[in-house]
């Protein structure tokens, strides 16, 4: 049996790699880091960071762990909000009950500015009230808030 029979070899990036890369880009942008600064922290060129963010190059587990420390997020952050159709392609053993949303919303400038402004609110109580206000205006019902 050949290697290619186990793994699909393709010029197109795997959708999971694209998703993970988009989450790296999202967090980097939210923190106001350039690709050059993130690359320097990783010991890489900005071109390598670009390839990671596009999903062109896969991010290994040790590099993903390093990214989580630099970007101050848990490793699971990179897999959060994965579209159901992408997750389903890899055939897990359990049913997925997560609700998906348009991934493009996360990369809009308006979304990024809103999130940055939200985290600049220093008072936790005020920040929670703003969250509840926005949630009620958006008609989104979520039973628990972290």
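Conditions (1) part of a loop (DSSP other than H, G, I, E, B); (2) touching a residue at least 24 places away in the same chain (Cβ under 8 Å); (3) assigned by TED's automatic domain parsing to the domain that holds residue 14; (4) out of contact with any strand residue (DSSP E or B) (no Cβ under 7 Å at 6 or more places or on another chain), marked per residue:
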site	(1), (2), (3), (4)
37	no, no, yes, yes
40	no, no, yes, yes
50	no, no, yes, yes
56	yes, yes, yes, yes
59	yes, yes, yes, yes
69	no, no, yes, yes
73	yes, yes, yes, yes
78	no, yes, yes, yes
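If a residue must be out of contact with any helix residue (DSSP H, G or I) (no Cβ under 7 Å at 6 or more places or on another chain) and either more than 12 Å from residue 81 (Cα to Cα) or at pLDDT 60 or above (or both), how many such residues does region 95-106 contain? Qualifying residue count, region 95-106: 3.
At pLDDT below 85, out of contact with any strand residue (DSSP E or B) (no Cβ under 9 Å at 6 or more places or on another chain) and outside any loop (DSSP other than H, G, I, E, B): is that true of residue 117 in this structure?
Here the answer is no, as residue 117 does not meet what is asked.
Scanning region 72-84 for residues that are more than 16 Å from residue 107 (Cβ to Cβ) and under 14 Å from the mean Cα position of the chain (by Cα) returns 72, 73, 74, 75, 76, 79.
The values are calculated or read from the model by the stated rules, or taken from the named source; none is laboratory data. All of these numbers come straight from a predicted model, not from anything done at the bench. Don't worry about glycine lacking a Cβ; one is built from the backbone with ideal geometry, like all the others, and counts go over all protein chains shown.
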